[in-house]
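So the structure is just underneath, and the comments pick up after that.
The values are calculated or read from the model by the stated rules, or taken from the named source; none is laboratory data. Quick caveat: nothing in here was measured; it's all calculated off a predicted structure. Neighbour counts are summed over all protein chains in view; Cβ atoms, including those assigned to glycine, are modelled from backbone coordinates with ideal geometry.
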Amino acid sequence: MAERRDALKIIGSISATCAFPFAADELYAQHEGTHGAVSGQAALPEPAYFSKADFATIAAMAERIIPATDTPGAGAAGVPAYIDFVVGRNPAQQKVFSAGLAWMKKQTKGRAFAELGEKEQLAILEPLCARCDAGPVKGTGERFFRAVKALTSDGYWTSKAGMGETLGFKGNAILGAYPECLHEH
Amino acid sequence: MATVYDVVVVGSGASGGTLAAHLARAGAHVAIVEGGPKINTRTDFPTHSMPWEFANRQIPKMKPGKPGMESERARGLGGKTLTWNAVAWRFGQRDFKGKTFDGGGEDWPIDYADLAPYYERIEREIGVCGNYDGLKDLPDGVFLPPAPYKCSDKLIDKGARKLGLKTIHVRKATLTQAKFGRPGCHYCGNCMAGCDVVAKYNSYDVHLLPAMKTGKLEMIPNAVVREVMMGGDGRARGVKFIHRETKAEGEVLGKAVAVCCACVQSVALLQMSAKGGLANSSGQLGKHFIPHFTGGVEAFLDGLVGTPLKDDEGFLDHAYLPSFMHERKRDYVRSFGAQFGYQNRRGIGWARETPGMGAGYKKAVKDQYPAFVVFSPYGEMVPNAKSYIDLDHGKLDQYGLPSARRQVTWMANDWKIFKDMQNWSKEIMLAAGAKIQKVWDEPRTNHELGGARMGKDARTSVVNPYCQTHDVKNLFVLDGSVFPSASEKNPTHTMMALAARTAEHMAARAKKGEL
Ligand SMILES: Cc1cc2nc3c(=O)[nH]c(=O)nc-3n(C[C@H](O)[C@H](O)[C@H](O)COP(=O)(O)OP(=O)(O)OC[C@H]3O[C@@H](n4cnc5c(N)ncnc54)[C@H](O)[C@@H]3O)c2cc1C
Ligand code: SF4
């Protein structure tokens, strides 16, 4: 399974690991038939893999991880659809997500996570986040949070809202000369 | 009557492209047989794509619907030079004589002086930018002006200097000014997706297309070669191929055959061509597989955290840390050098590891974005019996041919280099003022070398110093497979220089009727 873990790590980070420029999508094995634009959308689209209820939970978690500020948040960047797309094609992720979603239902005592108030949502998520930041985690809730954060991060920072608007990457400007560094570093 | 070419060249990358062009210019009638399709380098690469254009956020190798880069046996006319990063070093004398210098591995049967004129010829015809640094182990060539340092390079150089080291401008087969009817680089920053203006060298546009004007060169794409055909007289008489799309079989005949399929695939082709391997009386074919190994340290430079984003991806890496261990006390043989800053800004997998959530997390990633750097040392492996190339008959590729299998086992010396180069990389980044995000804990293979090594002795090597197999006089192997030792430097310039030297040798021999 080491390969799959690597594969997951690798998505969106091709160039960071450009020593292996050809490894990424071969490992990830998702490149067939997937050429299609995912546009940013405010209303939740129909999920292809998750149930509507589970999809709403994931969307709400993603929005807490990357909220709208002066730039769009995860929802408007189309992150939920991206997560649905990735998990629907990845059995290892499916296990983590179904265990995690069941765990979440217990925490909310049957109420829908998406219906909880901000305080209640954060009361569940923030401790998970802190434990994930502290080191390796084993618990179902922590593993679930880590997976949702990883895919939210991948999906958001490779979206037009994330990479383009938030980070300001324009990409491929054609320059007459290299903008030499004239700073006193 | 089927055409009988003077030379049939299999593979159209750096090695095959250079060889075929030089032979055609010298008057030989050449066929270049390439498994992949013809690629339109101006229109078919996703050079300007952004990840959000694709549902899986992976920018594909080719634009949707465009063929190419499908397999190692069918990349396309131009081979890996279509997507390479163009770093172009001359090897130094120490690289050719590693065993003499430090006792490990093997010496090359040729010296720096043998190859120097051909390095120069390549530089003069393709264009290599760089600075004249006067280094003993990294000889200067004929250079176009170097590209300026990036902000991150200046910071890293400052860190390196604190430790008594010095970085240099990278040398690349990329034009920093218009020349040879090609434009200068416009620093759009996605070279490894394919340069759509050919500021960066690729063998198709720079070597093969111009050589078509000689009327002596024929390109045969979509022909995956499965066998070098032998005649009853012990000479190669051509190649057998499978059409990439129709799977129909065909043949190309020649008075000489040159196998230039990129190391592992060249070895595999010889192994497929005869029981026990063609040109393998030495038993050395496939052995001494010595790929480079890379480490990596991912970090954020303090000096750039929170600064406004600059349009400074450039042509990826602009600086380099040459090997400095040769003259130092160490408990291993050979050495390493380091590339850095060749990540581009389209990949941000690292953001997963940034702590926190909410608006604070979002801001932290934005602050880190301009400051992210990957520092990648490259180490030299010495040959060992457990690292070799063979065929996997249980795993057939899309053409029904056995896959090539790489076996790599890291030995004590490799681990010592790896640990040392990772340590140095960390120290340099810390001295540069950086927060380290990740240190790779295992070596990863890179440039593939060895497997059909060059030597004077037919009992211990596969090809002679002119890349001609000892066993079959009109069969040549040209690419990384012939390297007896790897150096720590990116190898392609040396492959091209070897191809230019062999082309001259073949043309001279052909004139005397000796081929
Ligand atoms: C992303 C990337 C970045 C790189 N950056 C650098 C760099 O900065 N500096 C450097 O020195 N090197 C770099 N390299 C490596 C460099 O590209 C190779 O060393 C070089 O291209 C090897 O040349 P070659 O002719 O041996 O093989 P290739 O260029 O790979 O060409 C071999 C050709 O043979 C064809 N072929 C294989 N088998 C068959 C068969 N059976 N029948 C017919 N055709 C066949 C293939 O389709 C291919 O087109 C990089 C490589 C990559 C992928
Ligand atoms: S940065 Fe220069 S060499 Fe690289 S793709 Fe752009 S124009 Fe070509």
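Tell me whether the stretch A:90-100 contains one or more residues that are crowded, with 24+ Cβ neighbours inside 10 Å and either in contact with a Leu (Cβ under 8 Å, 6 or more places away or on another chain) or β-branched (Val, Ile, Thr) (or both). No, the stretch A:90-100 contains no residue that is crowded, with 24+ Cβ neighbours inside 10 Å and either in contact with a Leu (Cβ under 8 Å, 6 or more places away or on another chain) or β-branched (Val, Ile, Thr) (or both). Scanning the stretch B:336-362 for residues that are farther than 16 Å from B:Val305 by Cα and within 7 Å of chain A (Cβ to nearest Cβ) yields B:Tyr342, B:Gln343, B:Asn344, B:Arg346, B:Gly347, B:Gly349, B:Arg352, B:Gly356, B:Met357, B:Gly358, B:Ala359.
Among the listed residues B:Tyr399, B:Tyr388, B:Tyr369, B:Tyr378, which satisfies the condition of being among the hydroxyl-bearing types (Ser, Thr, Tyr) and within 30 Å of B:Gly164 (Cβ to Cβ)? Lay out the reasoning, then the answer.
Details: B:Tyr399 fails: within 30 Å of B:Gly164 (Cβ to Cβ); B:Tyr388 fails: within 30 Å of B:Gly164 (Cβ to Cβ); B:Tyr369 fails: within 30 Å of B:Gly164 (Cβ to Cβ).
After applying the criteria, what remains is B:Tyr378.
Considering only the stretch A:116-142, how many residues are of a type in the set (Lys, Arg) and under 19 Å from the mean Cα position of the chain (by Cα)?
Qualifying residue count, the stretch A:116-142: 1.
Taken over the stretch B:22-46, the residue count meeting the criterion of being away from ligand 1 (no atom under 16 Å from the Cβ), under 30 Å from B:Gly254 (Cβ atoms) and in a loop (DSSP other than H, G, I, E, B) is 4.
Contact annotation: residue pairs with Cβ atoms under 6 Å, 6 or more positions apart or on different chains, pairing a residue in the stretch B:185-199 that is within 22 Å of B:Lys150 (Cα to Cα) and touching a residue at least 12 places away in the same chain (Cβ under 8 Å) with a partner that is among the acidic types (Asp, Glu) and crowded, with 23+ Cβ neighbours inside 10 Å, are B:Gly189/B:Glu313.
For B:Met325, the conditions (1) touching a Leu at 6+ places or on another chain (Cβ under 9 Å); (2) of a type outside the set (Ser, Thr, Tyr); (3) under 17 Å from B:Gly295 (Cα atoms) all hold with the exception of (1).
Taking residues in the stretch B:314-329 that are closer than 28 Å to B:Cys191 by Cα, and partners anywhere that are within 14 Å of ligand 1 (Cβ to nearest atom) and basic (Lys, Arg), the pairs with Cβ atoms closer than 7 Å and at least 6 places apart or on different chains are B:Phe315/B:Lys172.
Within the stretch A:177-185, not a single residue is part of a helix (DSSP H, G or I) and more than 8 Å from chain B (Cβ to nearest Cβ).
Across the stretch B:395-422, which residue is farthest from B:Glu245 (Cα to Cα) among those that are within 16 Å of ligand 1 (Cβ to nearest atom), more than 14 Å from chain A (Cβ to nearest Cβ) and surrounded by fewer than 19 Cβ atoms within 10 Å (Cβ to Cβ)?
Out of the qualifying residues, it is B:Arg405.
Would you tally the residues in the stretch A:142-185 being among the acidic types (Asp, Glu) and in contact with a helix residue (DSSP H, G or I) (Cβ under 8 Å, 6 or more places away or on another chain)?
Looking only at the stretch A:142-185, we keep the residues that are among the acidic types (Asp, Glu), and these are A:142, A:154, A:165, A:180, A:184.
Going one step further and asking which of them are in contact with a helix residue (DSSP H, G or I) (Cβ under 8 Å, 6 or more places away or on another chain), we end up with A:142, A:154.
Matching residues across the stretch A:142-185 total 2.
Residues in the stretch B:12-62 that are more than 9 Å from chain A (Cβ to nearest Cβ) and on the phi > 0 side of the Ramachandran plot: B:Gly27 only.
Give me a count of the residues in the stretch B:127-167 that are of a type in the set (A, V, I, L, M, F, W, C) and within 15 Å of ligand 1 (Cβ to nearest atom). Show your work before the answer.
Start the filter on the stretch B:127-167 by keeping residues that are of a type in the set (A, V, I, L, M, F, W, C), which leaves B:128-129, B:135, B:138, B:142-144, B:147, B:151, B:155-156, B:160, B:163, B:165.
Add one more test, that the residue is within 15 Å of ligand 1 (Cβ to nearest atom), and what stays is B:128-129, B:138, B:147.
Within the stretch B:127-167, residues that are of a type in the set (A, V, I, L, M, F, W, C) and within 15 Å of ligand 1 (Cβ to nearest atom) number 4.
One residue stands out in the stretch B:168-188 among those that are away from chain A (no Cβ under 12 Å) and within 14 Å of ligand 1 (Cβ to nearest atom): the one that is nearest to B:Glu123 (Cα to Cα), namely B:Ala173.
B:Arg237 fulfils the conditions (1) touching a residue at least 24 places away in the same chain (Cβ under 8 Å); (2) under 21 Å from B:Leu19 (Cβ atoms); (3) away from ligand 2 (no atom under 16 Å from the Cβ) except for a single criterion, (1).
For B:His186, the conditions (1) near ligand 2 (Cβ under 10 Å from one of its atoms); (2) crowded, with 19+ Cβ neighbours inside 10 Å all hold with the exception of (2).
The single residue among B:Pro484, B:Pro491 that is surrounded by 23 or more Cβ atoms within 10 Å (Cβ to Cβ) and within 12 Å of ligand 1 (Cβ to nearest atom) turns out to be B:Pro491.
Of A:Lys170, A:Lys160, A:Lys138, which residue is at negative phi and touching a Ser or Thr at 6+ places or on another chain (Cβ under 9 Å)? Only one candidate passes the filter, namely A:Lys160.
Of the residues B:Val462, B:Val439, B:Val374, B:Val365, only one is among the β-branched types (Val, Ile, Thr), within 13 Å of chain A (Cβ to nearest Cβ) and touching a strand residue (DSSP E or B) at 6+ places or on another chain (Cβ under 9 Å); which?
Only one candidate qualifies: B:Val374.
Would you list the helices (runs of 4 or more DSSP H) that sit entirely within the stretch A:1-109 and hold 1 or more residues that are at pLDDT 50 or above?
Working: elements: A:2-10, A:23-28, A:52-65, A:79-87, A:91-107.
Output list reads A:52-65, A:79-87, A:91-107.
Criterion first (within 11 Å of ligand 1 (Cβ to nearest atom), within 24 Å of B:Pro37 (Cα to Cα) and in contact with a Pro (Cβ under 8 Å, 6 or more places away or on another chain)) does B:Arg244 satisfy it? Spell out how you get there, then give the answer.
Numbers: within 11 Å of ligand 1 (Cβ to nearest atom): yes; within 24 Å of B:Pro37 (Cα to Cα): yes; in contact with a Pro (Cβ under 8 Å, 6 or more places away or on another chain): yes.
Taking the combined requirement at face value, the residue satisfies it.
Do you know which residues across the stretch B:269-318 are among the charged types (D, E, K, R) and more than 14 Å from chain A (Cβ to nearest Cβ)? Correct list: B:Lys275, B:Lys287.
Considering only residues in the stretch B:47-75 that are farther than 20 Å from B:Gly13 by Cβ, in contact (Cβ under 8 Å) with a residue 40 or more places away in the chain and assigned to a loop (DSSP other than H, G, I, E, B), the one that is nearest to ligand 2 (Cβ to nearest atom) turns out to be B:His48.
The residues of the stretch B:189-209 that are on the phi < 0 side of the Ramachandran plot, of a type in the set (A, V, I, L, M) and either within 10 Å of ligand 1 (Cβ to nearest atom) or surrounded by fewer than 21 Cβ atoms within 10 Å (Cβ to Cβ) (or both), listed by number, are B:Met192, B:Ala193, B:Val197, B:Leu209. Those strands (runs of 3 or more DSSP E) of the stretch B:272-366 in which at least 1 residues are over 18 Å from the mean Cα position of the chain (by Cα), considering only elements entirely within it, cover B:297-301, B:319-321. Within the option set B:Gly92, B:Gly104, B:Gly65, being of a type in the set (Gly, Ala, Ser), away from chain A (no Cβ under 12 Å) and more than 16 Å from ligand 1 (Cβ to nearest atom) holds for one residue only, B:Gly104. No other residue among B:Pro370, B:Pro377 is in a strand (DSSP E or B) and touching a helix residue (DSSP H, G or I) at 6+ places or on another chain (Cβ under 6 Å) apart from B:Pro377.
Condition test on A:Gly141, is it more than 11 Å from chain B (Cβ to nearest Cβ), of a type outside the set (Phe, Trp, Tyr) and in contact (Cβ under 8 Å) with a residue 40 or more places away in the chain?
Numbers: more than 11 Å from chain B (Cβ to nearest Cβ): yes; of a type outside the set (Phe, Trp, Tyr): yes; in contact (Cβ under 8 Å) with a residue 40 or more places away in the chain: yes.
So A:Gly141 passes the test.
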